[in-house]
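To start, the structure under review is shown below, and the notes come after it.
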Amino acid sequence: MMESSPRIVIVGSGFAGLGAGIQLKRDGFDDFVILEKSRALGGTWHDNTYPGCACDVPSHMYSFSFELNHGWTRMFAPQQEIRAYLERTADKYGVRGHIRFGAAVDSMEYDEDAQAWKVTLAGGDVLTARAVISGVGALHIPSYPDLPGIERFQGTAFHSAEWDHSYDFRGKRVAVIGTGASAIQFVPKLAEQVDRMVVFQRTPPWIQPKPDVAIPEAVRRTFEKVPGSTRAFRDLIYWTLEARAIGFTVDPRLSAPQDRLARRHLARQIPDPGLRAKVTPDYTIGCKRVLLSNDYYPAIARPHVQVETAGIAEVREHSIVTGDGREHEVDAIVYGTGFKVVDAMAEWRVVGRNGMKIQDAWADGIEAHHGTTLPGFPNFFMMLGPNTGLGHNSVVFMIEIQIQHMLSLLRQMRRRGARTVEPRPEAVRAFNDRIQRRLRRAVWNEGGCDSWYLDENGVNRSLWPGHTFEFWAGSRKARPADYIFG
Ligand code: NAP
């Protein structure tokens, strides 16, 4: 067992962990370690390697504001390019040396006497740190559906986030379960290879055209040469995305143009009225994440691809049986069934002041101050914590604001010579009451769908309810009056 005591421990080396490390360093907080459970950096952009994996937010926006990339080759860059960007950025800002790979965190416990966090790794090593920054995000534990007989299946089966690249799909009969953001990216690629495919759809997503074009070299060179041009392009994307989100952030009735765009796209791409009816959603657009794709509808319209809407009753050795008794023989099952969002937090072993488990702190619902800090958990900072997710713009923007929030607190501590900081419960209450008041009228609650945005009581604990500039204005600097410095 090894013991060490860096001043700050960061968990995760995705956009959040790397971004936090880079900004800490720039601010003179050099004594930190980034713990990464994998053997490589990148977080979700390392784990997800399924065919067709790409960003669904324009890349010029889905990147750090302090590290613009003039060279994105497409409007929506593929996974490898995003991962390469993160690798490059980690090197450029000198944070790679701070990363400890293969270091999975088992538990984090606050030691009241030492005013420090005890971070225990899966292998038994213990780190003692003054502060902990969680950059684990919400989408990293694959969710397998709880289907009767699933363990009996004799063919190949894997989740989209754990892609088996050694499996040869050519000539195979394949079942895809799920039609979310991941599935609509890999279904078209698989359809090109397989002999037959059945896509098991529980809820059809709303899909709009993806304005994905290659960015010509001449344009990339212009971005490189003309000062301010890349930032101007990014700003244009930012305001376009915010303007389009007005139906989500202000009133669902303002979503009519979005609805029309999606319906026209569907009508144009799926001429068969039977299939079109099957994949037409019956809930308000925006209630679930709106997806972008130009090749998903054409793929499911191909003769060797079938969309199955009868629920799955059972999985057998070589088949999937639907509720109406039909049996689909398959060689492989690919789960595009998303991630354990709520469980990921429920399984966290984080213990604050007085032995308080984070689950007990959240017994009445998951919430935090500005999505970042928690009463009773001193010097504990969450990136992409409660109610900081987005359906309409780049979460990298949200992460950067949370990093600023955290840094403003660390600077205050430095100035005051304080050893601890935590939010006042009444400030957290007021902040979250405001969020929840706004969410009650929003499309995610009112739109007639169920989604991972909502907890078991139907309360949205995932999304920021408004425009992202509101989060920027209200959250990038912590209000000292909201906090207790110890
Ligand atoms: P997801 O959006 O949660 O979709 C999961 C799909 O599986 C849904 O269609 C769901 O149906 C279905 N499903 C789940 N359990 C099922 C069951 N027991 N039986 C039948 N169907 C079941 O997951 P995801 O596609 O992996 O995406 C997760 C999130 O990751 C996205 O919302 C997005 O934020 C992010 N993402 C981003 C990108 C990107 O390009 N930037 C790409 C992929 C993912 P229901 O709708 O009925 O629940």
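Worth pointing out:
- Number of positions in region 43-60 that are surrounded by fewer than 21 Cβ atoms within 10 Å (Cβ to Cβ) and either more than 13 Å from the ligand (Cβ to nearest atom) or over 20 Å from residue 184 (Cα atoms) (or both): 1
- Checking each residue in region 174-231 for being more than 21 Å from the chain's Cα centre (by Cα) and of a type in the set (Asp, Glu) picks out 192, 195, 217, 224.
- Filter pass, residue 203 being away from the ligand (no atom under 11 Å from the Cβ) and closer than 19 Å to residue 337 by Cα: no
- For the condition within 12 Å of the ligand (Cβ to nearest atom) and more than 21 Å from residue 321 (Cα to Cα), residue 212 qualifies.
- Boolean, residue 250 is of a type in the set (Val, Ile, Thr) and open to solvent by 40 Å² or more (accessible area, probe 1.4 Å): yes
- Exclusive hit being surrounded by 15 or more Cβ atoms within 10 Å (Cβ to Cβ), within 12 Å of the ligand (Cβ to nearest atom) and under 30 Å from residue 117 (Cβ atoms), set 340, 288: 340
Residue-wise test of (1) among the charged types (D, E, K, R); (2) open to solvent by less than 50 Å² (accessible area, probe 1.4 Å); (3) more than 24 Å from residue 47 (Cα to Cα); (4) within 12 Å of the ligand (Cβ to nearest atom).
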{"position": "122", "(1), (2), (3), (4)": "no, no, no, no"}
{"position": "136", "(1), (2), (3), (4)": "no, yes, no, no"}
{"position": "147", "(1), (2), (3), (4)": "no, yes, yes, yes"}
{"position": "186", "(1), (2), (3), (4)": "no, yes, no, yes"}
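- Top-ranked residue of region 372-394 - restricted to ones that are closer than 20 Å to residue 436 by Cβ and more than 16 Å from the ligand (Cβ to nearest atom), ranked as most open to solvent (accessible area, probe 1.4 Å): 375
- Within the option set 366, 358, being more than 20 Å from residue 458 (Cα to Cα), in the same structural domain as residue 11 (by TED's automatic domain parsing) and away from the ligand (no atom under 14 Å from the Cβ) holds for one residue only, 358.
- Taken as a whole, the condition of being in contact with a Pro (Cβ under 8 Å, 6 or more places away or on another chain), over 24 Å from residue 276 (Cα atoms) and free of Cβ contacts under 8 Å to residues at least 40 places away in the same chain does not apply to residue 368.
- Taken over region 371-416, the residue count meeting the criterion of being of a type in the set (S, T, N, Q) and in a helix (DSSP H, G or I) is 4.
- Pairing each residue of region 40-55 that is among the aromatic types (Phe, Trp, Tyr) with any residue that is open to solvent by 20 Å² or more (accessible area, probe 1.4 Å), provided the two are 6+ apart or on different chains, yields C-beta distances under 6 Å for 45/83; 50/163.
- All positions within region 442-465 that are within 10 Å of the ligand (Cβ to nearest atom) and open to solvent by less than 30 Å² (accessible area, probe 1.4 Å): 449, 451, 453, 462
- Remark: residue 91 falls outside the filter, which requires a residue to be outside the structural domain of residue 37 (by TED's automatic domain parsing), more than 16 Å from the ligand (Cβ to nearest atom) and farther than 30 Å from residue 351 by Cα.
- Inside region 217-272, residues that are under 30 Å from residue 439 (Cβ atoms) and not basic (Lys, Arg) make up a count of 27.
Residue by residue, here is whether (1) among the acidic types (Asp, Glu); (2) under 18 Å from the mean Cα position of the chain (by Cα) holds:
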position	(1), (2)
44	no, yes
68	no, no
84	no, no
106	yes, no
111	yes, no
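- When we screen 429, 419 for residues that are at pLDDT 90 or above and part of a loop (DSSP other than H, G, I, E, B), the only hit is 419.
- So residue 87, is it charged (D, E, K, R), assigned to a helix (DSSP H, G or I) and either in contact (Cβ under 8 Å) with a residue 24 or more places away in the chain or touching an Asp or Glu at 6+ places or on another chain (Cβ under 9 Å) (or both): yes
- Any hit, region 13-24, residues being part of a helix (DSSP H, G or I), buried (at least 22 other Cβ atoms within 10 Å of the Cβ) and among the aromatic types (Phe, Trp, Tyr): yes
The values are calculated or read from the model by the stated rules, or taken from the named source; none is laboratory data. Remember, it's a predicted structure, so these values are computed and weren't measured experimentally. A quick note on method: Cβ atoms are made from the backbone with ideal geometry, for glycine too, and the neighbour counts reach across all protein chains shown. What goes into the accessible areas is simple: the full protein's heavy atoms, side chains included, and nothing from ligands, DNA or RNA. Shrake-Rupley method; radii C 1.70, N 1.55, O 1.52, S 1.80 Å.
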